[in-house]
Amino acid sequence: MATTIRKATMKDLKKIQELNLELFKKEKKEYDSLLDLDWVLGKDGIEYYKNRISKDNSCVLVSIVDGKIVGYLCGELGKTGAYRRLSKVIPAYLETIFILEEFRSKKIGKKLYDKFIEWCKTKNVSKAMLDVSTKNKLAIKFYRKNKFVDYSLTLETDL
Ligand SMILES: CC(C)(COP(=O)(O)OP(=O)(O)OC[C@H]1O[C@@H](n2cnc3c(N)ncnc32)[C@H](O)[C@@H]1OP(=O)(O)O)[C@@H](O)C(=O)NCCC(=O)NCCS
């Protein structure tokens, strides 16, 4: 399947938000009932993606098949020194990645991820990180296949 990966532009904003909403719906249904679906298309969601698309310290990529956007990845640089208080380490966070269901398992996710790593290298990043729901077994499998290893586990309780 011929897939093109390119950096997102402001023209892609709406489509990226639509895909982000699909991701939120999936996560709300399967992993986290507290997720606020209104956030994505609301003022804060628009602002968030406008910043991510336009700023130099973030990276939004889209994957295109037959002229149609079928997936996206969004990531951002962390602050130098924020990672384990190591002053020289520049971290990057892979925040979200989503591929439309019918296009999954065709290595489109891997292509997006590889392009993100290329971008990280241009920014001298030496640690890429992400958070994922422990219930999202398929995504964890995808990340492990792409060389991520388990590091921390976030625990929480309702008070
Ligand atoms: C996770 C995801 C981005 C991977 O993209 P992809 O294009 O399907 O991944 P690739 O084709 O490069 O790699 C496929 C591997 O990823 C894993 N995988 C993860 N989620 C999968 C899914 N929903 N369907 C199929 N494979 C999935 C499998 O190990 C698969 O290997 P296999 O094809 O040998 O079984 C994509 O499946 C997706 O959008 N999932 C739903 C959203 C999500 O969970 N996002 C991550 C949380 S932020």
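Screening segment 102-116 for residues that are open to solvent by 40 Å² or more (accessible area, probe 1.4 Å) and part of a helix (DSSP H, G or I) and picking the one that is farthest from the ligand (Cβ to nearest atom) gives LYS115. Restricting attention to segment 121-132, the residues that are touching a residue at least 12 places away in the same chain (Cβ under 8 Å) and within 18 Å of ARG144 (Cβ to Cβ) total 5.
Do we have LEU19 as free of Cβ contacts under 8 Å to residues at least 24 places away in the same chain and either away from the ligand (no atom under 14 Å from the Cβ) or closer than 20 Å to GLU102 by Cα (or both) here? I'd like the intermediate steps shown before the answer.
Numbers: free of Cβ contacts under 8 Å to residues at least 24 places away in the same chain: no; either away from the ligand (no atom under 14 Å from the Cβ) or closer than 20 Å to GLU102 by Cα (or both): yes.
No; evaluated as a whole, the condition is false for this residue.
Evaluated against (1) touching a Phe, Trp or Tyr at 6+ places or on another chain (Cβ under 8 Å); (2) without any contact (Cβ under 8 Å) to a residue 40 or more places away in the chain; (3) closer than 16 Å to ILE5 by Cβ, PRO91 falls short on exactly one condition, (3). When LYS135, LYS145 are screened for being within 13 Å of the ligand (Cβ to nearest atom), exposed (fewer than 12 other Cβ atoms within 10 Å of the Cβ) and in contact (Cβ under 8 Å) with a residue 40 or more places away in the chain, only LYS135 passes. I'd like to check something: does segment 54-64 contain any residue that is near the ligand (Cβ under 9 Å from one of its atoms), more than 18 Å from ASP12 (Cβ to Cβ) and either open to solvent by less than 80 Å² (accessible area, probe 1.4 Å) or not β-branched (Val, Ile, Thr) (or both)? No, there is no match, as no residue in segment 54-64 is near the ligand (Cβ under 9 Å from one of its atoms), more than 18 Å from ASP12 (Cβ to Cβ) and either open to solvent by less than 80 Å² (accessible area, probe 1.4 Å) or not β-branched (Val, Ile, Thr) (or both).
The values are calculated or read from the model by the stated rules, or taken from the named source; none is laboratory data. Being a predicted model, the structure only gives us computed values, none of them experimental. Every residue, glycine among them, receives a Cβ derived from its backbone with ideal geometry; neighbour counts consider all protein chains shown. Please note that ligands, DNA and RNA were not included when accessible areas were found on the heavy atoms of the full protein model with its side chains. Shrake-Rupley method; radii C 1.70, N 1.55, O 1.52, S 1.80 Å.
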